[in-house]
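Shown next, in structure tokens, is the structure this report addresses.
Laboratory data are not the source of any read-out in this text; all were calculated from the coordinates shown. Predicted model, so just to flag it, every value in this text is computed and none were measured. Methodologically, a virtual Cβ is constructed for each residue, glycine included, from the backbone with ideal geometry; neighbour enumeration extends over all protein chains shown.
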Amino acid sequence: MAKQNFGMPNMQQMMKQAQKMQKQMEEVQEKLDEMTVSATVGGGMVEVVASGKKELKSITINPEVVDVDDIETLEDLVLAAVNEAIRQADELHQQEMGKVTGGLPTGGLF
């Protein structure tokens, strides 16, 4: 008697698809390491550049914003720029991974 799978996908085929997706996700991870985002705050006084993997690449501070009597403002500007760069990097990461996963959450599968 022939074995029927009643509409269940072939397990071997599913494994091949999962391996293909994993390879594509690894390629996207490498690509994200090369991509950068830039966040500027305070009218260009502080700029932060981060990779698509959320690693800070550079922080540029305009000397005009450096005031020894008001370090708090500089700290706030740096913090705002870092947070914005991380937000942009996270968005870039989601966009690039979404191209592979079709927008489905992977839940750390790969």
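Need one number: nm distance between label points at T101 and Q13, each 7 Å from Cα along Cα→Cβ, rounded to one decimal.
Result: 2.4 nm between the two label points.
What order, most packed first, do the peptides 55-65, 72-82 have when packing is the mean number of other Cβ atoms within 10 Å of each residue? Numbers along the way, then the final one.
On the way: 55-65: 12.5, 72-82: 15.7.
By packing density, highest mean first, the sequence is 72-82, 55-65.
Working out 0.36 nm times the residue gap between T60 and D76, then minus their Cα-Cα distance, what length gain in nm do you get to one decimal?
Stretched fully, the T60-D76 segment lengthens by 4.3 nm.
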